[in-house]
1. Go through (1) in contact (Cβ under 8 Å) with a residue 12 or more places away in the chain; (2) closer than 23 Å to residue 72 by Cα and name the single condition residue 138 misses.
2. Please go through segment 110-132 and pick out each residue that is in contact with a strand residue (DSSP E or B) (Cβ under 6 Å, 6 or more places away or on another chain) and part of a loop (DSSP other than H, G, I, E, B).
3. Might you check whether a residue that is touching a helix residue (DSSP H, G or I) at 6+ places or on another chain (Cβ under 8 Å) and under 25 Å from residue 88 (Cα atoms) occurs anywhere in segment 140-156?
4. Mind listing just one residue for me: the one in segment 91-109 that is in a loop (DSSP other than H, G, I, E, B) and in contact with a strand residue (DSSP E or B) (Cβ under 8 Å, 6 or more places away or on another chain) and, of those, nearest to residue 31 (Cα to Cα)?
5. Consider residue 50 against the criteria (1) farther than 22 Å from residue 192 by Cβ; (2) touching a residue at least 60 places away in the same chain (Cβ under 8 Å); (3) in contact with a strand residue (DSSP E or B) (Cβ under 6 Å, 6 or more places away or on another chain): it satisfies all of them except one. Which criterion is unmet?
6. For segment 205-213, does any single residue satisfy the condition of being modelled with pLDDT under 95 and surrounded by fewer than 20 Cβ atoms within 10 Å (Cβ to Cβ)?
7. Looking for whichever is touching a residue at least 40 places away in the same chain (Cβ under 8 Å), farther than 27 Å from residue 87 by Cβ and more than 18 Å from the chain's Cα centre (by Cα) here; the options are 162, 151. Which one fits?
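The values are calculated or read from the model by the stated rules, or taken from the named source; none is laboratory data. Computed from a prediction, not measured in an experiment: that's the story for all the values here. Cβ atoms come from the backbone with ideal geometry, glycine included; neighbour counts cover every protein chain shown.
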């Protein structure tokens, strides 16, 4: 039988191994952006990460550590994955926190303007469209999705979203099926509360993520935070409570080791 001190060391090593395993999962994230910049134009305050992709308004702004999407503005920006990483097989995921604006709600019945997408050169995939289809309640909006089409048409999630509630949006592109998927507040990749886009196209290698302002007033206004891009669902929908518990246990055991 191990002496008491030996038991503590063994338990501490085990927990530290679990922590290292969990940390490795977060290290595989392709892009992480919390918009913790000074207030100002994204391409200026976040120049190390973001570059203009289109538009000329200098009006894609950060305020209070959130990215502001204004449907009447027209400046767009993308962030290329560090290390010139590209994804051309398997799956790629992204998640971000989305909050609407009760003073500017979407009136686009077919989702004619999108605000977020993956990028491959000059091509944009897995386009997210806010809209207000006929079935949506007054003062709410819904999210639509395409692979690369310029209008969501009828491909909307059957869920009214409140402009005063922040939602976690998760999107996925799957190279094995050439299909994009969108969830709102999903608990797992198998969560059935989703929509799938299947408009035909030939995908290239994804190497960036971008946000867009359409320069028209039908899309509505939004704020965005907590952007993550990765190649697994777990990388973009982490479980901080579980990791925190492991860190707490590890701290306790290591403290007991010093007794």
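1. Of (1) in contact (Cβ under 8 Å) with a residue 12 or more places away in the chain; (2) closer than 23 Å to residue 72 by Cα, only one is false for residue 138: (1).
2. 111, 114, 115, 132
3. No - not one qualifying residue is present in segment 140-156.
4. For segment 91-109, the residue satisfying everything is 101.
5. (2)
6. Looking for residues that are modelled with pLDDT under 95 and surrounded by fewer than 20 Cβ atoms within 10 Å (Cβ to Cβ), one finds none in segment 205-213, hence no.
7. Values: 151 fails: farther than 27 Å from residue 87 by Cβ.
The match here is 162.
For every residue, the table says whether it meets (1) surrounded by fewer than 17 Cβ atoms within 10 Å (Cβ to Cβ); (2) under 24 Å from residue 52 (Cβ atoms); (3) modelled with pLDDT of 95 or more.
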{"position": "120", "(1), (2), (3)": "no, yes, yes"}
{"position": "127", "(1), (2), (3)": "no, yes, yes"}
{"position": "133", "(1), (2), (3)": "no, no, yes"}
{"position": "136", "(1), (2), (3)": "no, no, yes"}
{"position": "143", "(1), (2), (3)": "no, no, yes"}
{"position": "156", "(1), (2), (3)": "no, no, yes"}
{"position": "162", "(1), (2), (3)": "yes, no, yes"}
{"position": "165", "(1), (2), (3)": "yes, no, yes"}
{"position": "169", "(1), (2), (3)": "no, yes, yes"}
